[in-house]
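Reading through the C-alpha coordinates given below for one structure.
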Amino acid sequence: MTHKDGLLRIVQGLRRVDTGTYALRIRLAEKLGIGTIDINAMAFVGEVDGLTPKDLGKALNITTGSVTAMVDRLEAKGFMVRKPNPTDRRSVLLHLSPEGTDAMQWANDHFAAAAAALLQASSEDSITDIAEFLEGIGQRLMAAATDPEAG
(Lines give C-alpha, C1' and ligand atoms only; values in the text may rest on other atoms or scores of the structure.)
Protein backbone atom coordinates (compact mmCIF):
# COMPACT_ATOMS: atom_id res chain seq x y z
CA MET A 1 0.00 0.00 0.00
CA THR A 2 1.36 3.42 -0.88
CA HIS A 3 1.59 6.29 1.60
CA LYS A 4 -1.18 8.08 -0.34
CA ASP A 5 -3.44 4.99 -0.24
CA GLY A 6 -2.79 4.61 3.49
CA LEU A 7 -3.65 8.26 4.09
CA LEU A 8 -6.88 7.87 2.13
CA ARG A 9 -7.84 4.81 4.21
CA ILE A 10 -7.09 6.68 7.45
CA VAL A 11 -9.19 9.66 6.36
CA GLN A 12 -12.06 7.36 5.37
CA GLY A 13 -11.77 5.57 8.71
CA LEU A 14 -11.84 8.85 10.62
CA ARG A 15 -14.94 9.89 8.67
CA ARG A 16 -16.60 6.63 9.69
CA VAL A 17 -15.67 7.32 13.31
CA ASP A 18 -17.18 10.80 12.97
CA THR A 19 -20.37 9.41 11.43
CA GLY A 20 -20.56 6.68 14.06
CA THR A 21 -20.06 9.25 16.81
CA TYR A 22 -22.85 11.37 15.42
CA ALA A 23 -25.16 8.34 15.22
CA LEU A 24 -24.35 7.46 18.85
CA ARG A 25 -25.09 11.05 19.92
CA ILE A 26 -28.45 10.93 18.15
CA ARG A 27 -29.29 7.68 19.93
CA LEU A 28 -28.15 9.07 23.29
CA ALA A 29 -30.18 12.24 22.78
CA GLU A 30 -33.26 10.11 22.07
CA LYS A 31 -32.59 8.01 25.20
CA LEU A 32 -32.31 11.13 27.36
CA GLY A 33 -35.17 13.05 25.75
CA ILE A 34 -32.98 15.96 24.68
CA GLY A 35 -31.66 17.34 21.39
CA THR A 36 -28.39 16.50 19.69
CA ILE A 37 -27.18 20.08 20.23
CA ASP A 38 -27.65 19.40 23.96
CA ILE A 39 -25.51 16.26 23.65
CA ASN A 40 -22.87 18.26 21.80
CA ALA A 41 -22.91 20.83 24.60
CA MET A 42 -22.53 18.07 27.18
CA ALA A 43 -19.60 16.65 25.20
CA PHE A 44 -17.81 20.02 25.14
CA VAL A 45 -18.46 20.63 28.84
CA GLY A 46 -17.31 17.09 29.63
CA GLU A 47 -14.12 17.69 27.66
CA VAL A 48 -13.36 21.08 29.26
CA ASP A 49 -14.79 20.94 32.78
CA GLY A 50 -15.52 24.50 33.86
CA LEU A 51 -16.29 25.92 30.42
CA THR A 52 -17.91 29.36 30.40
CA PRO A 53 -21.26 29.79 28.65
CA LYS A 54 -19.57 32.25 26.29
CA ASP A 55 -16.96 29.67 25.28
CA LEU A 56 -19.65 27.01 24.89
CA GLY A 57 -21.59 29.33 22.59
CA LYS A 58 -18.47 29.86 20.48
CA ALA A 59 -17.79 26.12 20.33
CA LEU A 60 -21.36 25.38 19.22
CA ASN A 61 -21.71 28.53 17.09
CA ILE A 62 -24.90 29.62 18.88
CA THR A 63 -25.99 32.86 20.52
CA THR A 64 -25.71 33.71 24.19
CA GLY A 65 -29.49 33.50 24.50
CA SER A 66 -29.51 30.03 22.97
CA VAL A 67 -26.76 28.90 25.37
CA THR A 68 -28.72 30.22 28.34
CA ALA A 69 -31.89 28.40 27.24
CA MET A 70 -29.98 25.19 26.57
CA VAL A 71 -28.15 25.26 29.90
CA ASP A 72 -31.47 25.98 31.64
CA ARG A 73 -32.93 22.85 29.96
CA LEU A 74 -29.94 20.68 30.79
CA GLU A 75 -29.85 21.93 34.36
CA ALA A 76 -33.59 21.27 34.77
CA LYS A 77 -33.08 17.71 33.50
CA GLY A 78 -30.19 17.24 35.95
CA PHE A 79 -27.40 16.87 33.37
CA MET A 80 -25.47 20.12 33.89
CA VAL A 81 -24.75 22.55 36.71
CA ARG A 82 -23.63 26.16 36.87
CA LYS A 83 -21.05 27.10 39.47
CA PRO A 84 -19.66 30.54 40.29
CA ASN A 85 -16.54 31.51 38.37
CA PRO A 86 -13.84 32.13 41.00
CA THR A 87 -12.00 34.54 38.69
CA ASP A 88 -15.04 36.55 37.50
CA ARG A 89 -18.00 37.21 39.79
CA ARG A 90 -20.20 38.10 36.79
CA SER A 91 -19.66 34.74 35.14
CA VAL A 92 -20.41 31.09 35.81
CA LEU A 93 -18.63 27.88 34.88
CA LEU A 94 -20.46 24.91 33.43
CA HIS A 95 -19.94 21.37 34.70
CA LEU A 96 -21.61 18.05 34.00
CA SER A 97 -23.59 16.78 36.96
CA PRO A 98 -22.99 13.18 38.05
CA GLU A 99 -26.07 12.25 35.96
CA GLY A 100 -24.63 14.10 32.97
CA THR A 101 -21.30 12.36 33.38
CA ASP A 102 -23.08 8.99 33.59
CA ALA A 103 -25.06 9.80 30.44
CA MET A 104 -21.92 10.67 28.49
CA GLN A 105 -20.25 7.52 29.84
CA TRP A 106 -22.75 5.48 27.81
CA ALA A 107 -21.17 6.78 24.59
CA ASN A 108 -17.66 6.38 26.03
CA ASP A 109 -18.45 2.75 26.86
CA HIS A 110 -19.40 2.14 23.22
CA PHE A 111 -16.12 3.72 22.08
CA ALA A 112 -14.18 1.59 24.54
CA ALA A 113 -15.92 -1.62 23.47
CA ALA A 114 -15.31 -0.89 19.77
CA ALA A 115 -11.64 -0.10 20.39
CA ALA A 116 -11.12 -3.09 22.68
CA ALA A 117 -12.54 -5.46 20.08
CA LEU A 118 -10.06 -4.20 17.49
CA LEU A 119 -7.02 -3.89 19.74
CA GLN A 120 -7.05 -7.33 21.34
CA ALA A 121 -4.20 -8.64 19.23
CA SER A 122 -2.20 -5.38 19.21
CA SER A 123 1.03 -4.80 21.08
CA GLU A 124 1.27 -2.21 23.83
CA ASP A 125 3.62 -0.13 21.65
CA SER A 126 1.26 -0.11 18.69
CA ILE A 127 -1.65 0.86 20.96
CA THR A 128 0.43 3.76 22.31
CA ASP A 129 1.26 4.83 18.73
CA ILE A 130 -2.40 4.68 17.71
CA ALA A 131 -3.48 6.65 20.77
CA GLU A 132 -0.86 9.34 20.15
CA PHE A 133 -1.82 9.52 16.48
CA LEU A 134 -5.51 9.98 17.25
CA GLU A 135 -4.79 12.52 20.00
CA GLY A 136 -2.63 14.48 17.56
CA ILE A 137 -5.37 14.50 14.93
CA GLY A 138 -7.91 15.60 17.54
CA GLN A 139 -5.67 18.45 18.71
CA ARG A 140 -5.03 19.63 15.15
CA LEU A 141 -8.71 19.50 14.25
CA MET A 142 -9.64 21.51 17.36
CA ALA A 143 -6.90 24.04 16.55
CA ALA A 144 -8.17 24.35 12.96
CA ALA A 145 -11.74 24.78 14.22
CA THR A 146 -10.75 27.58 16.58
CA ASP A 147 -8.29 29.39 14.28
CA PRO A 148 -9.99 32.35 12.59
CA GLU A 149 -7.30 32.22 9.87
CA ALA A 150 -8.07 28.59 8.95
CA GLY A 151 -9.72 28.41 5.56
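One table, with the values for the structure above:
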quantity: 19 Å Cα-Cα reach of LYS31 towards lysines, excluding residues that sit fewer than 8 places from it in its own chain; calculated: LYS77
quantity: Principal axes of the stretch 35-112: Cα extent on each, largest first, Å; calculated: 38, 24, 21
quantity: With every protein chain in place, the stretch 42-137: carbon and sulfur % of accessible area (1.4 Å); calculated: 56
quantity: Measure of compaction for the stretch 6-151 (Cα Rg per 2.2 N^0.38 Å); calculated: 1.17
quantity: Three principal axis lengths of the stretch 79-151 [C-alpha, angstrom, descending]; calculated: 52, 38, 20
quantity: Ranked packing of 77-83, 49-55, most packed first, by mean Cβ within 10 Å; calculated: 77-83, 49-55
quantity: Å² of accessible area per residue within the stretch 3-151, as computed with a 1.4 Å probe and no ligands counted; calculated: 70
quantity: Whole-Hz couplings from phi, Karplus 6.51/-1.76/1.60, listed for the stretch 5-11; x for Gly and Pro; calculated: 5, x, 4, 4, 5, 5, 4
quantity: Helical contribution to [θ] at 222 nm, DSSP H n ≥ 4, -39,500 (n - 2.57), averaged over the chain, rounded to 500; calculated: -24000 deg cm²/dmol
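The values are calculated or read from the model by the stated rules, or taken from the named source; none is laboratory data. It should be emphasised that the depicted structure is a prediction, and the values quoted were computed from it without experimental measurement. Counting neighbours? That spans all protein chains shown, and the Cβs are built from the backbone with ideal geometry, glycine included. In case anyone asks, the SASA skips ligands and DNA or RNA and just uses the protein heavy atoms, side chains included. Shrake-Rupley method; radii C 1.70, N 1.55, O 1.52, S 1.80 Å.
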